[in-house]
There are 2 protein chains.
Amino acid sequence: MEGVKKRVVTIGGGHGSHTLLTGLKKYWIDIDAVVSTFDSGGSGGRLGQELGTLPWGDVRLAFTALASDKEPHAKLARAMNYRFNGGSSLDGHAMGNLMLNAIQLEKGNAQEALQEAEAWLGLGEGRHVLPVSLEKATLVAVMEEGGVIYGEKEIGASDGSVGGVYLDPIPRPYAPVLEAIRKADAVILGPGDLYTSVIPNLLVGGVAKAICDSNAKTVYVCNVATKKSETSGFKGSDFIARLAPYMMGVPDYAIFNSRRGDNGHVDVDEAAVRALGTEPVLADVLGEGDRHHPHRLGQVVRVLI
Amino acid sequence: MEGVKKRVVTIGGGHGSHTLLTGLKKYWIDIDAVVSTFDSGGSGGRLGQELGTLPWGDVRLAFTALASDKEPHAKLARAMNYRFNGGSSLDGHAMGNLMLNAIQLEKGNAQEALQEAEAWLGLGEGRHVLPVSLEKATLVAVMEEGGVIYGEKEIGASDGSVGGVYLDPIPRPYAPVLEAIRKADAVILGPGDLYTSVIPNLLVGGVAKAICDSNAKTVYVCNVATKKSETSGFKGSDFIARLAPYMMGVPDYAIFNSRRGDNGHVDVDEAAVRALGTEPVLADVLGEGDRHHPHRLGQVVRVLI
């Protein structure tokens with residue numbers, strides 16, 4: 001199959017997807033970046049609630065990661081990630097969220113805003129950012145201590161432990177998402193917060209099934225650090241075990257960071273991961289703080305696919 | 001001099017400059033668009049006051065007029081002129097004003113925002129938008145009924161008659177403005193509101209003198225309609241007579257619309273205009289409403305220069 005351009009679908013949201021896409025951008029591959037659209041409290045989420053638009057935050061981050069290095073695209077990508085001061089009347093909004101909202105409001109639909117952003121940022125042939133759904137839904141967490149928490153932001157900020165999540169109501173997928181997964185040679189899940197960035201995508205009608213039905217190799221990129229309320233104390237196998245019911249299966253491979261960072265390192269119990277049916281791949285993919293290094297991560301993913 | 005690229009400086013602001021620049025864009029000429037920066041109440045003015053930035057409204061309009069017709073530039077120009085709903089938390093702001101503010105705040109200076117916008121919009125060689133000044137000042141009108149009014153917006157909304165205007169304090173010019181005027185083959189003043197768009201540029205230190213000292217042909221484009229509080233009841237010669245002290249002279253030519261529109265037509269007293277030392281040029285330059293037609297106006301200006 002050498003010489004054939006690979007088709008990769010990434011599934012996630014937030015800074016995790018931004019990092020992975022930054023690392024994958026330079027390779028000769030097609031990329032469909034599927035991102036979560038259930039932000040309830042960030043700049044994109046707040047604008048979406050007020051203006052009745054898509055919460056554009058995660059879409060913007062994916063777009064700016066995939067932006068061409070040529071001008072004016074690179075300048076625009078940087079401008080789109082500029083964030084106004086939280087104390088001003090612009091309320092901490094990211095510039096690109098405002099821009100995507102403006103186009104959606106002007107055109108009356110989100111699809112044209114996506115096309116517009118592709119042109120602004122010079123994404124190029126075979127590269128797209130796909131909101132997992134264009135419909136409104138609230139992420140709801142069932143807590144291990146009992147009770148439920150409504151809203152992505154509220155779940156992330158909670159002091160309890162998430163037992164599971166669902167979307168209310170269950171939204172229909174944005175059609176190109178299912179098509180991209182069907183055609184994919186590889187589907188990469190993560191990195192990103194397990195319950196608030198990665199799994200929400202799998203809760204959208206038809207997405208998990210499309211992954212099961214496809215011939216794509218599946219790769220899970222585990223976060224570098226554990227996270228309060230979502231994955232506190234998790235070992236490598238815990239991430240896979242929690243992901244499995246939402247994926248309706250386990251990933252073929254899971255990439256774990258092998259180098260100890262400053263905080264919240266994930267211990268990788270390789271035998272347990274393997275027992276679940278997933279091949280663990282340990283590599284030094286550590287970047288700054290508790291994030292992945294985009295190019296180290298991109299290289300490992302490229303080798304796997 | 002055929003075969004030598006002409007250098008044109010336009011002086012004005014608002015929709016008048018946008019129209020003229022749209023009409024001039026297609027010709028093989030260099031263009032420096034000098035625009036007023038003393039907006040006190042529009043989207044740009046309000047952001048400037050809150051964020052301590054340049055009031056970007058007139059600069060944005062000039063930029064989007066000069067934008068390349070190629071993509072992504074044309075798409076961006078349209079996006080920059082999108083205006084959020086006045087009732088939303090985005091308070092009627094024009095998208096491009098937000099973008100130019102974002103860059104000024106990120107870079108810490110207005111000049112880099114100008115360079116950035118040139119790249120976004122693909123202005124091309126020899127074409128620039130120049131804020132007349134980067135310094136803060138308030139436009140003050142001395143009213144014929146007595147008393148003064150502070151602020152561009154407040155003057156435009158007044159029920160009295162403006163006798164004259166000044167800037168408090170007198171701001172220094174943005175240096176490239178004087179340089180552009182010195183090198184110009186033609187300086188076009190207007191169209192635009194006489195006291196709130198055109199004359200404020202001439203009140204900035206050194207601008208009027210630079211026009212006098214240059215060898216440029218000077219052309220005044222008179223508005224299609226008169227305006228309450230500023231030019232109510234004015235004949236053609238009244239515009240020239242009121243402009244003269246601020247220009248420290250009269251323009252070589254004045255373009256007047258020859259076709260009667262629906263409202264507020266300007267009567268052109270050709271002999272009186274000529275007696276002031278200005279050659280009147282009557283032409284059908286009427287567009288929609290009480291505005292010029294960009295291409296009709298552009299053609300007349302092109303012939304004159």
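All of the numbers you see were taken from the coordinates with simple rules; none came from a lab. Since the structure is predicted, the reported quantities are computational estimates derived from the model, not experimental observations. We place every Cβ from the backbone using ideal geometry, glycine too, and count neighbours over all the protein chains shown.
Observations, loosely collected:
- Sequentially through region B:61-76, phi angles give Karplus couplings (6.51, -1.76, 1.60; θ = phi - 60°) of 4, 5, 4, 5, 5, 8, 4, 4, 7, 7, 8, x, 4, 5, 4, 5 Hz, Gly and Pro residues having no value and appearing as x.
- Backbone N under 12 Å from the residue A:119 label point (7 Å along Cα→Cβ), restricted to region B:43-84: B:69-80
- In sequence order, calculated HN-Hα J values of region A:4-11 (Karplus, 6.51, -1.76, 1.60; Hz; x Gly/Pro): 9, 6, 6, 10, 10, 10, 9, 10
- Largest first and in whole Å, the equivalent-ellipsoid semi-axes of region B:134-271 read 24, 21, 11, each the square root of five times a Cα gyration tensor eigenvalue.
- Region B:18-25 - phi-based ³J(HN,Hα) in whole Hz, Karplus 6.51/-1.76/1.60, Gly and Pro as x: 4, 5, 4, 5, 4, x, 8, 3
- Here is how the number arises for chain B: DSSP H runs of 4 or more residues each give -39500 (n - 2.57), the sum is divided by the residue count, and the result at 222 nm is -11000 deg cm²/dmol.
- Virtual paramagnetic centre 7 Å along Cα→Cβ of residue B:258, amide N under 20 Å, in region B:185-200: B:191
- Cα shape, the protein assembly as shown, gyration tensor, a/c 1.5 rule: prolate
- Peptide A:81-88 is shielded by partner chain Cβ atoms: per residue, an average of 3 of them sit within 10 Å of its Cβ.
- Restricting the calculation to Cα atoms, every distinct pair contributes to the Kirkwood radius of chain A, found to be 19.3 Å.
- With a Cα cut-off of under 16 Å and a minimum spacing of 8 residues unless on different chains, the lysine pairs in region A:1-147 number 6.
- Distance-filtered residues of region B:132-170 - backbone nitrogen under 19 Å, label point 7 angstrom along residue B:112 Cα→Cβ: B:134-135
- Per-peptide packing, taken as the mean over residues of other Cβ atoms within 10 Å, places A:51-60, B:146-155, B:261-270, B:89-98 in the sequence A:51-60, B:89-98, B:146-155, B:261-270 from highest down.
- Separation of region A:131-202 and region A:55-105, taken as the distance between their Cα centroids, equals 23 angstrom.
- The slack between residue A:150 and residue A:265, meaning 0.36 nm per residue of separation minus the straight C-alpha distance, is 38.6 nm.
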